[in-house]
Structures are given as C-alpha cells and as structure tokens.
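The values are calculated or read from the model by the stated rules, or taken from the named source; none is laboratory data. Fair warning: this is a prediction, and the values are worked out from it, not measured in the lab. Glycine gets a Cβ as well: all are built from the backbone with ideal geometry, and neighbour counts include every protein chain shown. Heavy atoms of the whole protein, side chains included, go into the accessibility calculation; ligands, DNA and RNA do not. Shrake-Rupley method; radii C 1.70, N 1.55, O 1.52, S 1.80 Å.
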There are 2 protein chains.
Amino acid sequence: MTGTKDRILAAGSELFRHGGYSGTGVKQIVEKAGAPFGSLYHFFPGGKEQLGEQVLRTSGMEYLQLVDLFLTPAPDLISGIEAYFAAGVNVLLETDYVEGCPIATVALEVATTNEVLRKATADVFTAWIDAGTEKLAIFGLPPEAARTLTISLINSLEGAFVLSRSMRSTEPMAVAGASVVDVARRLLAELGQDGKKQAA
Amino acid sequence: MTGTKDRILAAGSELFRHGGYSGTGVKQIVEKAGAPFGSLYHFFPGGKEQLGEQVLRTSGMEYLQLVDLFLTPAPDLISGIEAYFAAGVNVLLETDYVEGCPIATVALEVATTNEVLRKATADVFTAWIDAGTEKLAIFGLPPEAARTLTISLINSLEGAFVLSRSMRSTEPMAVAGASVVDVARRLLAELGQDGKKQAA
DNA sequence: GTCTATAACATGATAGAC
DNA sequence: GTCTATCATGTTATAGAC
C-alpha cells in the first residue's frame, strides 16, 4: 500500500523533471497524486520548496541504483560504459524523448535563484560522483582516475540528454557514449591496465 | 541608440536563462528593460511565447560567434579545444557560477511542454553543430569526424555547465575539457593527422 | 489526518486614453 | 507607438470543518 506522501513525492518528481519547478503548480501535483490538497501542507509544512527539496533528494538516490544496474554486470570497463549509454538511447526512444535526468531540469532553473534547491541538486550530483568513483574500482581503476572518468561520464550523459531531447535525435547520446569510451581507453592505456573486472 | 525591442530581447535573454521560462514573468522583463508594459505586446503580438522564441533564436546566434573567438585563433585543434574550455572555466569564475548556456535551461524546461520553443532550441543546437563542423575543417578534419567532435564538445560543455553551476565547482568543466581533448587526440590518431591549422 | 473553501497575491493578456 | 489601468485566471498558502 502506497502512502499519500509517497504518491505526492512520485507525482512531484515526474512533473518537476518534465515541466520544471516553476512550471509545475502544487495543485497539479496533488491532482496527479490523487491526494487531497491539504495533505500536501500536512506532509510538507514548508510548502512547495520543501516538497521540491525532498523530490530532488529522493529521486536522486533512486537513480543512483541505475549505476549498479548497468555497470556492475559488465565483464569490463568499456562494455560497462557502452551498456550505460545504450540504456540512455533506449530511454530516449522508449519514452519518445520525454524522460531524461531527474535533476538537471530543476538544477539549471534554480542554480542562481533558490539556494535551498541548488544545494539539494549539488548534493545529488556529489553523491553520484562519489558512488561512481567507488563503483569503478571493480574494474581496477584507482580513485583519481575513477573520479575523473565518472565526472566525464555524467557530464556527457547530462549534455547528451539536453541535446537529444531538444533535437529529438539519439545522435548526441550515441556520440556521448563513444566519447566516454575514448576517455576510458586513454585512462587504461596510461595506467597500463586492461579494465577487466577484478576478483572479489 | 538601443531600441525598445532590443532592450526587451536582452532583458528576456538574461532572465530566461537564469530563472527559466516559466520562472520569469513578463512584467519582470519589461521592468528590467526599462520599457513600458504595452510595448511588449506591441513588438511581440504573440505574447510571452513569441518573445521566448525570439530570445532563444537571437541569443543562440549571438553565442555562435564565441566559437570563432576561441577556436579560430588557435594554432592547432588541441590548443583550440583547451582555450575553449578554459574560457568556460573563466565564465563560471567571473560570474560566480551565474552564467552558463543561454539555451539549455529553457531547452530542458520546454522539451516536452512547448513544441514551438522546443523547435527553437533544436534549431539553435543544430546551427551550433553545423557551424562547429564547418569551423573544425580549418584543422584538417573531414566532415564526419568534425561533426562527431563538435557534438562531443557541446555535450561535454552543456553537461559541465549543469554540474559546475549546481556544485559551484570548476572541476566538471576542467574534466570536460580534458575529455574532449582525449576524443580529439583519438580522432587525429585514427586519421593520421596532426591537427595543425591548414593553409588558406 | 482528511478535505474544502478561500484568502492573498502573481500571472499573462487586453482595452483604451494619450 | 507609448503608457496605464484593469481583467480573468492561476498561483501558493492558510483556516477551519469534519
């Protein structure tokens, strides 16, 4: 049984990342959640801003699990990266370019206009970078190289979502994947490693 | 002498890219432009949407000139890319992470909510890609390689603006520059070229 | 805790004097 | 073409019955 609060969070997450923070009204959110209007201010006394912050932090942590889903099963670093961006292409096609990053739309909107929400987006990105850095160790990458590659991967993914969703083309996402593979290959060559999954 | 219409466009450009399309009110725009409220609907009978479209197309073409500013003077491809992302770092620092891409904020906001504005952002990105592809020919890159590298560059730049502005750190922008250099080096090696500027 | 009515305000847009 | 007053609507938030 899904609680009212969770339904409000889920509805907010979808509406915020599609229409933006300013572009989404609180009535729209409770309506989509099938929740009474008063419940919003019962569960989120801080109003729209508190809801926005919770939505960012919650969906940010949910998407963190996607890293495991595609990188962990891969036999080596390169095919892990390829699987990750192939999944990005699939998301674009399967949702008709509707879905992308759950954070970026709001992140750009609030970067200079709302410090509470900006901090929430920054915390999510920081968590993603730290988790990716840790995860890439399974392919033998030392911390510094793993961090650089993770940031490069997120950079390219975020930028590709902007271009691909705007242009309604998978080309930018495909190019992004190939680019990150280039970066990974250069790193591996520099380290003299093969990028195969390490024994536990 | 700056016309009223131009001042409205300039004010709209700044406010839209900072606060987003939904987050910016038309009254806010005319106030910043020092223009009478009625002038907005005189010059833009289509209202906020027509203004938004004009702002996107106009500032998109203005930023196109920045490609020339940093890539053209470079003696070779690699140092051109480095100069470009160094400029990105400077913009972040000099504006205290306020300025970024004039299109991306609105692009994510309207990608699935306003087809007129989405098309405008797509046309701008397409123009950037085409212009970059053409410009990179001065370093000897054939069209296909030039297009791939241009998309990779814009991907990384856009994503780095998202992360850097959110986290208030230049690290993502610096990583982005190094990553695109990796991609360029791989392309040059594959083509057997040196990336030096070609004679006219 | 659920739900509704409504307050207080901001929004995009328009009418019409000048 | 400039400028102001105003409309209708949508916004966030609150009060208070149940």
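Before moving on, here are some points about what is shown:
- Charge dipole (debye, nearest 20) of the range B:108-163; +1 at Cβ of Lys and Arg, -1 at Cβ of Asp and Glu: 60
- For the protein assembly as shown, size of Cβ-based charge dipole, Lys and Arg +1, Asp and Glu -1, in debye: 640
- Ranking A:PHE37, B:PRO75, B:THR95 by Cα position along the charge dipole of the protein assembly as shown, where only Lys, Arg, Asp and Glu carry charges on their C-beta atoms, puts A:PHE37 farthest toward the positive end.
- Using a probe of 1.4 Å, the accessible surface attributed to A:GLU31 totals some 150 Å² when neighbouring protein chains are kept in position.
- Hz values of 3J(HN,Hα) by residue in the range A:165-182 - Karplus curve (6.51, -1.76, 1.60), Gly and Pro given as x: 5, 5, 8, 6, 9, 7, 4, x, 5, 5, 4, 4, x, 5, 5, 5, 4, 4
- For the protein assembly as shown, the pair-distance distribution built from all alpha carbon pairs, in bins 10 Å wide starting at 0, is 5, 22, 31, 25, 12, 4, 1, 0 percent.
- Relative frequency of Cα-Cα separations exceeding 31 Å in chain B, percent: 25
- Chains B and A together bury roughly 3800 Å² of accessible surface, counting both sides and using a 1.4 Å probe on protein heavy atoms.
- Cβ-vector label at 7 Å, B:GLU49, separations to other copies in nm: 3.3
- Put a plus charge on the Cβ of each Lys and Arg, a minus charge on the Cβ of each Asp and Glu, and nothing anywhere else: the dipole of the range A:55-191 about its Cα centre is then about 180 debye.
- Note on chain A: with neighbouring protein chains present and a 1.4 Å probe, carbon and sulfur make up 55 percent of its accessible heavy-atom surface.
- Averaged over B:21-31, number of beta-carbon atoms from partner chains that fall within 10 Å: 2
- Length-normalised contact order for the range A:55-191 - Cα pairs under 8 Å, 6+ apart - percent: 30
- Counting, for every residue in B:147-154, the Cβ atoms of other protein chains within 10 Å of its Cβ and taking the mean gives 5.
- Lysines whose Cα lies under 29 Å from that of A:LYS135, excluding same-chain neighbours fewer than 8 positions away: A:LYS119, A:LYS196, A:LYS197
- Peptides A:98-106, B:46-54 ranked from most to least packed, by the mean per-residue count of other Cβ atoms within 10 Å: A:98-106, B:46-54.
- The residues of the range B:58-191 expose, per residue, 35 Å² of accessible area to a 1.4 Å probe.
- Environment charge at A:ILE138 (Cβ cut-off 11 Å; Lys +1, Arg +1, Asp -1, Glu -1): 0
- Peptide A:114-125, shielding by other chains (average Cβ, 10 Å cutoff): 3
- For the options A:GLY80, A:GLY34, A:GLY140, a Gaussian network treatment of chain A with springs between C-alpha atoms closer than 10 Å singles out A:GLY34 as fluctuating the most.
- Listed by chain and number, the aspartates and glutamates whose C-alpha is less than 17 Å from the C-alpha of B:LYS5, apart from same-chain residues fewer than 8 away, are B:GLU14, B:GLU31, B:GLU49, B:GLU53, B:GLU62.
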